[in-house]
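See structure below.
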Amino acid sequence: MNDKPGKKFTADELSAILNSIADGVFTVDKEWRITSFNKAAENITGVPEEEAVGARCCDVFRASICESDCALRRTMETGTPVINKAVYIINSNGDKVPISISTALLRDNEGEIIGGVETFRDLSMVEKLRKELHGKYIFEDIISKNKRMREIFELLPMIAESDSPILIQGESGTGKELVATALHNLSGRRNHPFIKLNCGALPDTLLESELFGYKAGAFTDAKKDKPGRFELAGRGTILLDEIGEISKALQVSLLRVLQDGTYQQLGGVDTKNSQARVLASTNKDLAELVSKGVFRQDLFYRINVVKIELPPLRERKEDIPLLAEHFIDKFNVLRGKNVTGLSPEAIKILMNHDYPGNVRELENIIEHAFVLISGEIITPKYLPGELFHSSAKQPSSSPKTIEDAQREALTDALRRNDWNRTRTARELGIHRTTLHRKIRSLRIETP
Amino acid sequence: MKIAIPCRHNLVSPVLEEATEFIIVEMENSNYVNNARIDLNGKSPVQKLQYLVDTGVDMILCGAVSNSYINSITAKGLEVVAWLKGDVDEILQAYISGKLNGERFRMPGRKRCRCRHRRANY
């Protein structure tokens with residue numbers, strides 16, 4: 001009889017079953033006192049069963065939601081179970097442990113509610129793997145999983161070790177200064193100064209005295225000698241930002257530094273030596289400035305020994321969720337908030353925007369949301385209004401063939417889904433294999 | 001001396017970082033001088049700690065607390081007696097009479113109450 005399905009288990013058998021489960025399980029009575037506590041629960045919380053049973057559940061479980069939003073309380077009041085809610089608990093060692101919890105009502109044989117049951121799973125390992133994966137996409141302080149950016153990451157250590165001048169080209173806000181900082185930090189000059197100067201911000205005469213310094217008496221009010229940036233950089237690195245803005249006269253002096261490593265201070269007679277490595281950056285196309293005659297060709301060739309071209313954010317949209325997450329972490333620390341992420345609708349809006357201001361614009365969008373937000377998730381209502389106008393796609397120049405149109409539609413769909421093919425196929429209502437075949441036949445380049 | 005206790009109704013809050021309400025007791029020679037309840041709902045753990053520092057709190061009696069948060073608290077020069085459970089008034093009385101180490105107020109799973117004292121180096 002006893003071997004028939006549906007047999008009643010004894011208390012010992014029940015406890016053996018509970019203890020064999022990998023998830024933590026505990027039950028409470030209506031007074032919130034713990035009535036059973038399995039082995040996995042002991043391991044995750046660090047509380048032995050004999051101490052847990054009979055104690056108030058919040059004193060044992062110590063979860064972030066015990067205070068304000070107890071899942072078990074909600075289930076006991078409404079009868080609706082909570083499934084896989086991510087929270088953290090503090091274990092007996094004082095460590096924060098990320099877990100996911102699920103709750104349900106506990107009824108007796110007559111169907112009367114006698115308490116609640118909570119199951120929970122340790123997410124520490126998942127969290128650790130997530131962080132490791134995230135770490136894979138970070139190089140120095142630059143975050144990207146884009147193919148072109150990853151190629152740059154691979155080249156940077158080699159470029160950094162050489163002593164050649166480097167030209168970093170990219171639209172405003174693409175991270176030129178971050179690349180320059182990475183180059184300095186990866187080079188043998190990392191213990192020497194890293195000097196930055198924005199050439200576009202200063203008038204010509206001032207720029208010259210900033211770069212090369214001046215002697216006392218060089219001009220009115222030049223009461224004592226002032227060292228220039230080249231001198232301050234010593235054996236370090238100097239970054240000339242917006243190099244395309246400097247005048248032709250100054251271009252000659254700069255060419256001399258790059259060619260011979262020598263320069264003269266304003267009002268000085270001695271020739272000084274510079275041992276600094278020069279990095280130049282610009283948001284303009286220098287080759288075009290050369291063809292227009294605005295930029296000296298010889299200086300261009302001198303600077304352009306190695307060129308790093310940073311793609312604009314609209315060409316590496318797969319990085320948007322990653323970057324948004326990074327900025328959320330950053331502003332959580334700066335603003336003392338606890339924002340956990342973006343809602344799927346908000347991500348969609350961010351993915352549809354074209355970002356003329358690139359990564360800096362994305363950072364500003366997240367900062368904007370942080371000013372307004374009161375909850376934990378950034379929803380579309382916290383995003384700046386201009387995103388909604390731009391997300392309506394402008395009718396582009398019409399594609400020539402059906403193949404072009406298909407390629408454009410598929411690329412858009414892939415981008416929207418963060419290049420995840422399974423999700424893209426689901427969105428388009430086609431099979432994954434069909435999508436793969438289309439990608440191959442239409443020669444769509446995926447990162 | 002000012003003591004802050006995170007609480008929910010009359011019981012000590014289970015997790016200090018997540019507490020929304022605090023009782024702040026001012027004491028002079030083992031007697032209460034003042035007793036106030038403050039609401040810090042919506043503030044982050046960092047903001048809550050700064051509020052307590054600005055209010056002139058010297059000591060926190062609380063329930064569970066993470067090691068990293070306990071380090072931030074002691075770095076600000078506050079004393080902490082953590083891993084306490086039970087009724088706030090009883091805990092205060094026990095603290096005054098020096099009986100806080102009793103089994104009664106100890107959270108399950110902890111061998112003894114964790115007391116950390118450090119003065120800030122301003």
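The values are calculated or read from the model by the stated rules, or taken from the named source; none is laboratory data. As the structure is a computational prediction, the values presented were derived from the model and not from experiment. Cβ sites come from the backbone with ideal geometry, for glycine too, and all protein chains shown count toward neighbours.
Things to note:
- Where A:D319 falls short, out of the listed (1) surrounded by fewer than 20 Cβ atoms within 10 Å (Cβ to Cβ); (2) under 21 Å from A:I142 (Cα atoms): (1)
- Residue count for the stretch A:201-225, restricted to those that are surrounded by 16 or more Cβ atoms within 10 Å (Cβ to Cβ) and part of a helix (DSSP H, G or I): 6
- Residues of the stretch A:303-325 classified as of a type outside the set (A, V, I, L, M) and part of a helix (DSSP H, G or I), total: 7
- Condition check for A:K39: surrounded by fewer than 19 Cβ atoms within 10 Å (Cβ to Cβ), within 29 Å of B:I70 (Cβ to Cβ), away from every other protein chain (no Cβ under 13 Å) and touching an Asp or Glu at 6+ places or on another chain (Cβ under 9 Å): yes
- All helices (runs of 4 or more DSSP H) inside the stretch A:1-98 with 2 or more residues being at pLDDT 90 or above and within 24 Å of B:C62 (Cα to Cα): A:39-45, A:49-52, A:57-61, A:71-78
- Residue match in the stretch A:145-165 (condition: surrounded by 18 or more Cβ atoms within 10 Å (Cβ to Cβ) and among the hydroxyl-bearing types (S, T, Y)): no
- Residues in the stretch A:226-279 that are over 40 Å from the mean Cα position of the chain (by Cα) and without any contact (Cβ under 8 Å) to a residue 40 or more places away in the chain: A:K226, A:R256, A:D260, A:T262, A:V269, A:D270, A:T271, A:N273.
- Filter result for B:K43 (within 14 Å of another protein chain (Cβ to nearest Cβ) and buried (at least 21 other Cβ atoms within 10 Å of the Cβ)): no
- Among the residues of the stretch A:100-114, just one is in contact with a Lys or Arg (Cβ under 6 Å, 6 or more places away or on another chain) and surrounded by 21 or more Cβ atoms within 10 Å (Cβ to Cβ), namely A:I101.
- Residue match in the stretch A:153-164 (condition: part of a strand (DSSP E or B) and not basic (K, R)): no
- Residue selected from the stretch B:46-58 under the condition among the aliphatic types (A, V, I, L, M) and within 11 Å of another protein chain (Cβ to nearest Cβ), by the criterion surrounded by the fewest Cβ atoms within 10 Å (Cβ to Cβ): B:V46
- Selected residue (criterion: modelled with the highest pLDDT) from residues of the stretch A:370-425 that are over 21 Å from A:I349 (Cβ atoms) and charged (D, E, K, R): A:R421
- Within the stretch A:326-372, the set of residues being of a type outside the set (K, R), over 23 Å from A:R423 (Cβ atoms) and not in a helix (DSSP H, G or I) comprises A:G336, A:N338, A:V339, A:P356, A:G357.
- Single condition B:G77 does not satisfy, out of (1) touching a residue at least 24 places away in the same chain (Cβ under 8 Å); (2) on the phi < 0 side of the Ramachandran plot: (2)
- Breaking point among (1) within 17 Å of A:V60 (Cβ to Cβ); (2) in contact with a Ser or Thr (Cβ under 8 Å, 6 or more places away or on another chain); (3) not basic (K, R), for A:N84: (1)
- Residue match in the stretch A:283-296 (condition: assigned to a strand (DSSP E or B), closer than 25 Å to A:R229 by Cα and either more than 30 Å from the chain's Cα centre (by Cα) or among the aromatic types (F, W, Y) (or both)): no
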